[in-house]
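One structure is given here, and the rest of the page talks about it.
The values are calculated or read from the model by the stated rules, or taken from the named source; none is laboratory data. Keep in mind it's a predicted model, so treat the numbers as computed, not measured. Cβ placement follows ideal geometry from the backbone for every residue including glycine, while neighbour counts extend to all protein chains displayed.
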Amino acid sequence: MRVVVALVVAVACACAATTQTARAAADVRFGIQDDAWLEAGPGKLHDRVAMIKGLGLSVVRVTLDWNETEPSQGDYDWSRADRLLGALHRQGLAPLVTLWGTPDWASASGLPNAPPTRGSDFQRFARAVASRYPYVRYWTIWNEPNKVQWLKPVSPSLYVTRLLNPGYAGIKAADPLAKVAGGVTAPRGGKGGMTPVDFIHGMARAGAHLDAYAHNPYPVYPGDTPYSGGCSCKVITMATLERLLTQVGRAFPRARIWLTEYAYQTDPPDPYGVSYALQARYIAEAARRVFTAPKVDMLIQYLFRDEPDLARWQSGLETVRGKAKPSMDAMMLPLTQVSRRGRRTTVWGQVRPGTGPREYELQSWNGSRWVVNGGLHETTARGYLLRVVSAGRGAMVRLWYPARASSSPTLVVR
């Protein structure tokens with residue numbers, strides 16, 4: 001939200017920007033997870049998948065419950081997975097499949113959040129799943145095992161020996177080229193749980209096998225943003241992403257980083273959430289944070305649509321009634337401020353729909369209408385842009401995508 005009066009691109013800065021953009025964007029994937037909406041949302045499954053693709057996202061995380069897929073040993077029900085994963089694959093979206101939930105016949109306690117009594121049972125299941133869906137190349141083993149709600153007891157050793165390593169072996173036996181992530185940790189352990197820092201190093205001591213370390217860097221403190229907040233403790237949020245990079249780098253030097261759930265709840269309807277405008281702003285800022293972070297390959301937005309129960313999540317891109325929030329446009333066309341020195345403001349953004357270089361405009365608000373600044377430009381081959389504009393504090397600018405007649409949320413220069 002800034003009034004950009006004139007757009008000035010310094011030649012040296014523009015060249016440096018192009019180099020940085022091309023280098024940093026090597027293989028970042030942006031995606032979404034909303035199992036309930038994907039499976040049973042309004043309209044047809046094909047149309048819901050098309051909506052995701054229309055935003056320019058490239059990966060969709062789907063949880064595959066072992067306890068529902070293999071309710072009795074050796075007896076598989078693939079109907080849900082066939083339907084959801086097939087729909088994504090047919091439209092060119094990459095599924096990221098999370099395996100979770102121990103069936104009662106294999107569970108140490110009879111509950112789905114208990115580890116299996118034998119890792120070999122999970123290994124066989126993982127191999128069966130990977131064999132059935134050879135087009136799935138991204139896998140995560142379990143969800144937030146550092147929290148007692150998801151794995152009881154919370155034990156990195158049990159996680160590695162009964163779940164991660166058997167799952168890794170099973171998937172690799174079916175598809176050696178598949179990428180398997182472990183961890184999938186929550187930002188903090190909570191009562192009866194374990195901090196992600198301690199869980200990471202416990203996994204390393206247990207001899208974890210993984211290609212990537214997955215983490216859900218949700219904000220947990222009031223006022224947390226993608227770049228500020230957090231704490232000096234062992235909690236890991238997006239604000240303390242460097243802590244994750246450091247700890248994973250020490251424990252698993254070759255592992256990549258996947259951020260598999262991230263979101264801000266909004267007010268309305270959640271009284272503890274952020275405004276619609278801040279949610280949109282933070283989505284764009286988080287995208288740039290990931291883009292510039294070494295070894296981070298993936299960022300997944302949690303929820304397409306708000307959940308109806310206020311006790312659950314209201315972090316969707318649209319309300320429970322299906323009305324789009326500004327974050328819908330931010331997901332398609334993220335635009336954020338990088339820096340400002342006087343009236344010299346650097347902005348970063350991405351045009352996600354489409355392939356190859358995309359034509360775009362930066363537009364400024366002159367008090368009565370939006371005007372083009374600097375004419376039509378092209379993004380990089382992956383849709384990124386980094387520009388310097390003449391815009392002082394309080395000026396308003398937006399990213400305009402002519403091919404869709406769509407714009408980003410208005411960005412206000414700070």
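Worth pointing out:
- Against the test of being under 23 Å from Asp211 (Cα atoms), part of a helix (DSSP H, G or I) and either under 22 Å from the mean Cα position of the chain (by Cα) or modelled with pLDDT of 95 or more (or both), the options Tyr168, Tyr135 yield a single qualifying residue, Tyr168.
Condition check ((1) under 24 Å from the mean Cα position of the chain (by Cα); (2) at negative phi) across all residues:
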| position | (1), (2) |
| --- | --- |
| Ile32 | yes, yes |
| Ser58 | yes, yes |
| Asp82 | yes, yes |
| Arg90 | yes, yes |
| Pro95 | yes, yes |
| Ser107 | no, yes |
| Gly110 | no, no |
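- Selection from the range 378-405 of residues that are assigned to a loop (DSSP other than H, G, I, E, B) and among the basic types (Lys, Arg): Arg382, Arg393, Arg404
- If you go through the range 73-102 and keep only what is in a loop (DSSP other than H, G, I, E, B) and either farther than 19 Å from Arg29 by Cβ or not assigned by TED's automatic domain parsing to the domain that holds Trp150 (or both), you end up with Gln73, Gly74, Tyr76, Asp77, Trp78, Gly101, Thr102.
- Restricting the range 62-95 to residues that are touching a Phe, Trp or Tyr at 6+ places or on another chain (Cβ under 7 Å) and farther than 15 Å from Asp35 by Cβ, the residue that is surrounded by the most Cβ atoms within 10 Å (Cβ to Cβ) is Glu70.
- Counted residues, the range 37-52 - those being surrounded by 17 or more Cβ atoms within 10 Å (Cβ to Cβ) and farther than 18 Å from Glu307 by Cβ: 1
- Of the residues making up the range 311-338, those that are farther than 12 Å from Tyr264 by Cβ and free of Cβ contacts under 8 Å to residues at least 60 places away in the same chain number 9.
- For the range 175-191, the criterion of being assigned to a helix (DSSP H, G or I) and surrounded by fewer than 21 Cβ atoms within 10 Å (Cβ to Cβ) is met by no residue.
Here is a yes/no grid of residues against (1) of a type in the set (Phe, Trp, Tyr); (2) more than 24 Å from the chain's Cα centre (by Cα); (3) over 26 Å from Ala128 (Cα atoms):
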| residue | (1), (2), (3) |
| --- | --- |
| Pro156 | no, no, no |
| Leu164 | no, no, no |
| Pro176 | no, yes, no |
| Gly189 | no, no, yes |
| Arg205 | no, yes, yes |
| His215 | no, no, no |
